[in-house]
Amino acid sequence: MTDLRPIDFPRDTQPRSIGELHLSVTARDGATGLDDLRQAGALKALFPTARGPWVTAVCVNTGGGIAGGDRFAIDARVGPGASLVMTTQAAERIYRAAAASPGRLDTRLEVGAGGALHWLPQETILFDGARLRRRLTVEMAPTARVLLVEPLVFGRHARGEILRSGAFSDRIRLRRDGRELFRDGCDMAGDLAAIMQRPGIGGGAGAMAFVVLAAPQVEGYLAPIRAMLPQSAGASMPQPGLLVIRALAEDGFALRAILIPVLERLSGAPLPPVWRF
């Protein structure tokens, strides 16, 4: 009989949640199929549509959230002419962490010529004391299409949660044909509720999001999207082939009311079913 004994963690460390997900899809015979999948630790992928015009991958954090010192990495590749939708099973919860040990989420996406990728995670929810370092890098071919959304919610207002402390560091980079197309960053630390109350930052909003559509000939979307947005949101085209939308909302529910019709218009299809629950 095997002698099973508990793992003896060093006294000065805590157990950490670590997850890695690597996947790729390719186009064959007019359809997209899963080509490679490697997953480890607390990060998994489910495929409600494993083959078809689009492959849908639902990312699942089996650890139930991200706490201090947790590390997650996602690497996805879309081959030439292939189409992939990536989303999450639920909102990602970011829990209290020590200042020196933020949770980390690093995502790298690559899209080949004529390929399409829709990166549509559900909300990231920051709890009081949360600390998150997030990085998203996208490499795309000149004829590729990429639609991104990143919704962020500052506590659950319906439950009276107020973020008196925390830190959020975010970096997003898109490169087209090796040249930088879009770069965005956000660093917030301290009393997050007070920061979001400031008129030049959040104006009292409890949730925010940005949407990016990078594709050839996106100019026709600008006017219709602006007509759909409330006063707390705006859309612009910093350069040809790039549409950027930013939105503020009272809470996560109000933010979804803004995002769902916009994302469906830009994607040309209903959002993954997980967005509806």
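Just how large is the dipole of segment 146-187 about the Cα centre, in debye to the nearest 20, putting +1 at every Lys and Arg Cβ and -1 at every Asp and Glu Cβ?
Using Cβ point charges on Lys, Arg, Asp and Glu, segment 146-187 gives about 40 debye.
Residue by residue, what Karplus-based ³J(HN,Hα) values in Hz, rounded to whole numbers, does segment 177-193 have, using 6.51, -1.76 and 1.60 with θ = phi - 60° and x for Gly and Pro?
3J(HN,Hα) across segment 177-193, in whole Hz: 6, x, 10, 5, 9, 8, 9, 9, x, 8, 10, 9, 8, x, 7, 5, 5.
Largest first and in whole Å, give the semi-axes of segment 41-102's equivalent ellipsoid, each being the square root of 5 times a Cα gyration tensor eigenvalue. The partial results should precede the final answer.
Numbers: eigenvalues 166, 30, 14 Å².
Rounded to whole Å, the semi-axes are 29, 12, 8.
Got a sec to turn the phi values of segment 73-81 into Karplus ³J(HN,Hα) couplings, 6.51 cos²θ - 1.76 cosθ + 1.60 with θ = phi - 60°, whole Hz, x for Gly and Pro?
Whole-Hz 3J(HN,Hα) from phi for segment 73-81: 9, 10, 9, 10, 10, 10, x, x, x.
In nanometres, what is the gap between the two model label sites at residue 91 and residue 60, each 7 Å from Cα along Cα-to-Cβ?
The two pseudo-label positions are separated by 2.1 nm.
Kindly state, as a whole number, the per residue volume in cubic angstrom of the convex hull around the alpha carbon atoms of the chain. Don't skip to the answer; put the middle values down first.
Details: hull volume 43.1 nm³, N = 277.
Dividing the Cα hull volume of the chain by its residues yields 156 Å³.
With viscosity set to 1.567 mPa s and temperature to 4 °C, compute the Stokes-Einstein D of segment 67-154, Rh being the Kirkwood radius across alpha carbon pairs; µm²/s, no decimals.
On the way: Rh = 14.0 Å.
Stokes-Einstein gives a translational diffusion coefficient of 93 µm²/s.
Quick one: if the Förster radius is 45 Å, what FRET efficiency do residue 250 and residue 18 give, using the C-beta to C-beta distance and rounding to 0.05? Show your work: numbers first, answer last.
Values: r = 35 Å, r/R0 = 0.78.
According to the calculation, E is roughly 0.80.
Along each of its three principal axes, how wide is the spread of alpha-carbon positions in segment 117-173, in whole angstrom units, largest first?
46, 21, 8
How large is the charge dipole for the chain, taken about the Cα centre, if only the Cβ atoms of Lys, Arg (+1) and Asp, Glu (-1) carry charge, to the nearest 20 debye? Present the calculation step by step, with values, prior to reporting the outcome.
Numbers: 33 positive and 27 negative charges, 29 e Å.
Taking the Cα centre of the chain as origin, the dipole is about 140 debye.
Rg/Rh for segment 211-277: what does it come to with C-alpha atoms and Rh from Kirkwood?
For segment 211-277, the value is 0.97.
May I ask for the Rg/Rh ratio of segment 78-122, computed from Cα atoms with Rh as the Kirkwood radius, given to two decimals? Don't skip to the end; give the middle numbers.
Details: Rg = 15.0 Å, Rh = 12.9 Å.
Rg/Rh for segment 78-122 comes to 1.16.
So what is the calculated 222 nm ellipticity per residue for the chain, using -39500 (n - 2.57) for each DSSP H run with n of 4 or more, over all residues, to the nearest 500 deg cm²/dmol? Walk me through the numbers on the way to the answer.
On the way: 3 runs with 29 residues, N = 277.
When only DSSP H runs of four or more count, the value is -3000 deg cm²/dmol.
Can you give me the long-range amide H partners of residue 72? Hydrogens built in the peptide plane at 1.01 Å from N, cutoff under 5 Å, separation of 5 or more residues or another chain.
19, 104, 105, 106
For segment 207-234, list residues with backbone N below 16 Å from a point placed 7 Å from the Cα of residue 264 toward its Cβ?
225, 228-229
Regarding segment 1-155, what is the average projected area of its C-alpha convex hull, in nm²? Don't jump to the answer; show the numbers that get you there.
Working: hull surface 46.6 nm².
Answer in nm², one decimal: 11.7.
First measure r as the distance between the Cβ atoms of residue 201 and residue 31, then evaluate 1/(1 + (r/R0)^6) with R0 = 41 Å and state the FRET efficiency to the nearest 0.05. Each step should come with its number before you reach the end.
On the way: r = 45 Å, r/R0 = 1.11.
Efficiency, rounded to the nearest 0.05: 0.35.
How long is segment 133-277 along each principal axis, judged by its Cα atoms, biggest number first, in Å?
On the principal axes, segment 133-277 reaches 46, 29, 29 Å in Cα extent.
Once fully extended, how much extra length lies between residue 44 and residue 191, figured as 0.36 nm per residue of separation less the alpha-carbon to alpha-carbon distance? If you can, show how the numbers build up before the last one.
Working: separation 147, 0.36 × 147 = 52.92 nm, distance 3.34 nm.
Here the segment from residue 44 to residue 191 would lengthen by 49.6 nm.
Distance from the Cα centre of segment 103-154 to that of segment 257-273, in angstrom?
Spelled out, the Cα-based centre of one part sits 16 Å from the other.
Any idea which of 212, 232, 147 is furthest toward the positive side of the dipole for the chain, if Lys and Arg beta-carbons carry +1 and Asp and Glu beta-carbons -1?
Of the candidates, 232 comes out farthest on the positive side.
Treat every Asp and Glu Cβ in segment 75-192 as -1 and every Lys and Arg Cβ as +1, leave all other atoms uncharged, and give the resulting dipole magnitude about the Cα centre to the nearest 20 debye. Mind showing how you got there, number by number?
Details: 19 positive and 15 negative charges, 29 e Å.
The dipole of segment 75-192 has a size of about 140 debye.
Just so you know, all these numbers are worked out from the coordinates, no wet-lab data involved. Model, not experiment: these values are computed from the prediction. Every residue, glycine as well, gets a Cβ built from its backbone with ideal geometry; the counts of neighbours run over all protein chains shown.
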